[in-house]
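First comes the structure, then the notes that go with it.
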Amino acid sequence: MAKVGRKEILTELVAKQICRLIVRMPDAQIPVTWENVIVHAKKIVGHNFNRQMLSQKEWNGRKLIAEAFSEAKEVQKRMQRDSAPKYYKNASRYVLQRRIAELEAKYLASQEELEKVRAQQFDALDTFLNTPRDLLVLLDSLSRQPRRDAVSDAQIKEEHVTESTGGKLFDLNKYQSNKNDNRNIDAQVTNKKENLMNAVIFCGIPASGKSSFYENRFLQTHIEICLDKLLTRTREEQLFRSCIDAKRSFVIDNLNITAADRMRYIRPAKASGFKVIGYFFESTVQDSLKRNRLREGRKRIPDKAIHVIARKLEFPSLVEGYDELWFVKLNGRGSFTVGALNERYF
């Protein structure tokens, strides 16, 4: 009876697994040494190989593991050379010390400049929050900004009136001509007090017409609070609180796709006596994708983002605390259709 030998452990299949392990070591920042190869190979195969076995074993005349090890070693050396500073690699100690001193001086100068800028920003913010007329100046400056993709007011279908003024808007131009006369300004602001107590909340997926609708309906009467323009939540919160404290109408020109997003503005506005008006911008994903592709620069977002946002959309409802709730639809010819938001969405 023939004697059965021990089953071979280091087969060609196992060797290829070890080769794949070795090839990945430089990218994983694991030093390419035989000791590390033996340790990690044991975790995969469960056998404690020795260096001679791994480096000398051949398959079809090729030392697969030894070749993979040599290639990984070269890759690791090349990565180390590329990451090393070229100029200072062989520099003297004096040159290095002088360069370190220069960098430290530059760092300290940058820190001082940063502190000055921060102090200026805090001073400007303090002035903004504590000067009653800052919001009037802000409203004045916003009204002078060029209107992007402006659509004529005559094109908007007036199917309802959201303001409590019988359709009359607060004409900013009337007091711009008298802006040096503080008494005239105060009188007009007092007379229009109810007009300036509206909190308008936009809701809709990207490229559904929110910014264009603001520019055509609210630019001269409401302060725009837009996270895309203010860039940070802190700035947005500061402007929002300033509008609440100054009893000035504002428009939240954000996506506000969930009820939780909208509640961030509805509760403080209701608590301060504002009339909360919601506008849901009705748009299909395909229409928004088409309009998004016409945008340029930072305004254009990836198509995938629109699909993801559309799936997360929660339709607004009066139960959230709105006093009025309307839908807005951007027509193909650039005009808007506005109407009461009925229960067909819920």
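Only the coordinates and a few stated rules stand behind these numbers; no lab work does. Keep in mind the model is a prediction, meaning the values are calculated, not measured. Quick reminder, even Gly has a Cβ in these numbers, built from the backbone with ideal geometry, and neighbours come from all protein chains shown.
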Taking only Cα atoms of the stretch 1-83, what ratio of Rg to Rh do you get with Rh as the Kirkwood inverse-distance radius?
1.06
Going by how many other beta carbons lie within 10 Å of each one, how would you line up ILE38, ILE201, fewest first?
ILE38, ILE201
Say R0 is 41 Å: what FRET efficiency, to the nearest 0.05, do GLU35 and LYS7 get from their beta-carbon distance?
0.95
Do you know the relative contact order of the stretch 12-83, to the nearest whole percent, from alpha carbon pairs under 8 angstrom that are 6+ apart?
37
How much length would be gained if the chain were fully extended between ASP323 and GLU296, taking 0.36 nm per residue of separation minus their Cα-Cα distance, in nm to one decimal?
6.1 nm
Sort VAL319, VAL95 so the one with the fewest other Cβ atoms within 10 Å of its own Cβ comes first.
VAL319, VAL95
What residues from the stretch 28-45 fall in the zone where the backbone N is under 20 Å from a label point 7 Å along the Cα-to-C-beta line of SER70?
32-38
Output ³J(HN,Hα) for the stretch 54-63: one whole-Hz value per residue in order, computed from phi by the Karplus curve 6.51 cos²θ - 1.76 cosθ + 1.60 with θ = phi - 60°, and x for Gly and Pro.
5, 8, 9, 5, 10, 9, 6, x, 10, 8
Whole-angstrom gap from the stretch 199-255 to the stretch 295-316, using each part's C-alpha centre
18
Can you flag which of LYS116/LYS247; LYS42/LYS63; LYS16/LYS73; LYS57/LYS77; LYS210/LYS247 are past 28 Å Cα-Cα?
LYS116/LYS247
Between VAL23 and THR127, with labels modelled 7 Å along Cα→Cβ, what's the label distance in nm to one decimal, could you check?
6.4
Amide H to amide H, which residues 5 or more places from THR258 or on other chains are under 5 Å from it, using H placed in the peptide plane?
GLU314
Relative exposure of TYR94, TYR322, TYR279, judged by other C-beta atoms within 10 Å (fewest first)
TYR94, TYR322, TYR279
What ³J(HN,Hα) values, in whole Hz, does the Karplus curve 6.51 cos²θ - 1.76 cosθ + 1.60 give for the stretch 294-299 when θ = phi - 60°, with x put for Gly and Pro?
8, 7, 10, x, 5, 5
How far apart, in nm, are the 7 Å Cα→Cβ label points at GLU314 and LYS43?
4.3
FRET efficiency for GLN286 and LEU108, using Cβ-Cβ distance with R0 set to 41 Å, rounded to 0.05
0.15
Give the calculated FRET efficiency between SER83 and ALA260 to the nearest 0.05, with a Förster radius of 45 Å applied to their Cβ-Cβ distance.
0.50
